[in-house]
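Notes follow once the structure below has been shown.
Values quoted throughout were computed directly from the atomic coordinates according to the rules given, and no laboratory measurement underlies them. Since the model is a prediction, treat every value here as computed from it, not as a measurement. FYI the Cβ positions are ideal-geometry reconstructions off the backbone, even for glycines, and counts take in every protein chain you see.
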Amino acid sequence: MSPRRNRPRGGGRSARRDGEADGRYGMERTDDWRGEEWVVRQISGQSAAKHYRCPGCDQEIPPGVPHVVAWQREGRVDDRRHWHRACWNARDRRSARLQRSRQAPRY
């Protein structure tokens, strides 16, 4: 008896068809928020290589933490913001009056 194959057959081709997205990370979707259309992209922990500041909770997102990048469809590239997933999902319940302490880094 031969050993079991754990790899899919097919000459190393991907299991998904061309043009079909797996929907896990890096795929964009659109959300409506405050009457505007926002583009939302999931970022995996492996792709997160820098420190970011979440506008929802004003806390740091360290490298290696999966998070969400969101920007307005008609906005500029500089308008992208990195959010914790929970903060993006709770953005309507968050207060816009967060105040940063004097010692907090500004990035």
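A few comments on the model shown:
- For residue 36, net neighbour charge (Lys/Arg +1, Asp/Glu -1) across residues whose Cβ lies under 12 Å away: -3
- Of the trypsin sites (Lys or Arg not before Pro) in region 33-86, those whose Cβ has at most 12 other Cβ within 10 Å and which sit in DSSP loop: 34, 50, 73, 76
- Length available on full extension from residue 72 to residue 34: 0.36 nm per residue minus the Cα-Cα distance, which gives 12.6 nm.
- If R0 is taken as 30 Å, the Cβ-Cβ distance between residue 49 and residue 5 corresponds to a FRET efficiency of 0.25.
- Restriction of the GluC sites (Glu not before Pro) in region 23-79 to DSSP coil positions whose beta-carbon has at most 13 other beta-carbons within 10 angstrom yields 74.
- Between the amide H of residue 33 and those of 38, distances stay under 5 Å, these residues lying 5 or more places away or on another chain, with hydrogens modeled in the peptide plane.
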